[in-house]
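Structure record follows, encoded as structure tokens.
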Amino acid sequence: MERDDGRRLIPWWPDAGRALGIGRTKIYQLIRTGDLPSVTIGRRRLIAVRDLDDYVEGRRAAGQQGGEAA
């Protein structure tokens, strides 16, 4: 799904989990702790592709600084 301004959304947590290689429990944990922003529309939780990219980049930067990986 892509918006006119170029910001894309992954329509549901399974797609986000596949993109990151993690499962439902971890996705919901990241959302609950605020590490992965999301928006709920109806009963569906949407995650912006940009937010997935930012999460991965943040983990990469933390790893380069000696931080622990999630």
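For (1) at negative phi; (2) at pLDDT 90 or above; (3) charged (D, E, K, R), each residue gets a yes or a no:
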{"site": "G6", "(1), (2), (3)": "no, no, no"}
{"site": "I10", "(1), (2), (3)": "yes, no, no"}
{"site": "P14", "(1), (2), (3)": "yes, no, no"}
{"site": "G21", "(1), (2), (3)": "no, yes, no"}
{"site": "K26", "(1), (2), (3)": "yes, yes, yes"}
{"site": "I31", "(1), (2), (3)": "yes, yes, no"}
{"site": "D35", "(1), (2), (3)": "yes, yes, yes"}
{"site": "G42", "(1), (2), (3)": "no, yes, no"}
Just checking, how many residues over region 12-65 are of a type in the set (S, T, Y) and under 8 Å from the mean Cα position of the chain (by Cα)?
2
For R60, state whether it is at pLDDT below 95, exposed (fewer than 14 other Cβ atoms within 10 Å of the Cβ), in a helix (DSSP H, G or I) and out of contact with any Lys or Arg (no Cβ under 9 Å at 6 or more places or on another chain).
yes
Quick one: count up the residues across region 30-43 that are part of a strand (DSSP E or B) and either touching a Phe, Trp or Tyr at 6+ places or on another chain (Cβ under 6 Å) or more than 11 Å from P11 (Cα to Cα) (or both).
0
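The values are calculated or read from the model by the stated rules, or taken from the named source; none is laboratory data. As the structure is a prediction and not an experimental result, all values here were calculated from the model. Using ideal geometry, Cβ is built from the backbone for each residue, glycine included, and neighbour counts are taken over all protein chains shown.
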